[in-house]
Amino acid sequence: MSTEQPEWFFCLRHHTVEPKEGCKAADRLGPYSSRAEAERALDKVAERNESWDHDPNWSDDDEDK
């Protein structure tokens, strides 16, 4: 009996959730600890992008010009 937790990935090519044995790593996001978490992968990416776009510590705007 294995105590290892299953890993889930979101495939960017097929827009599906898949187990560890799936498409190549370059085409996937993850690993995630649950299938439900992997299903939210693109939502999580969008949320992080939005947060980073408005983070004053990481602004690309050059205010000195």
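Values in this text are rule-based calculations from the coordinates and carry no lab data. Only a predicted model underlies this, so the values are computations on that prediction, with no experimental measurement involved. Every residue, glycine among them, receives a Cβ derived from its backbone with ideal geometry; neighbour counts consider all protein chains shown.
Quick one: grab the alpha carbon gyration tensor of the range 1-49, order the square roots of its eigenvalues as a ≥ b ≥ c, and give me rounded if a/c is under 1.5, else prolate or oblate depending on whether a/b is larger than b/c.
Working: a/c = 2.44, a/b = 1.46, b/c = 1.67.
It comes out oblate by the Cα gyration axes.
Which value in nm describes the separation of the simple spin-label points at Glu18 and Glu47, placed 7 Å from the Cα toward the beta carbon?
Result for the modelled spin labels: 2.5 nm.
Mind giving me the FRET efficiency for Asn57 and Ala36? R0 is 22 Å, r the Cβ-Cβ distance, nearest 0.05 is fine. Spell out each step's value before the answer.
Working: r = 31 Å, r/R0 = 1.42.
Working from the Cβ atoms, E equals 0.10.
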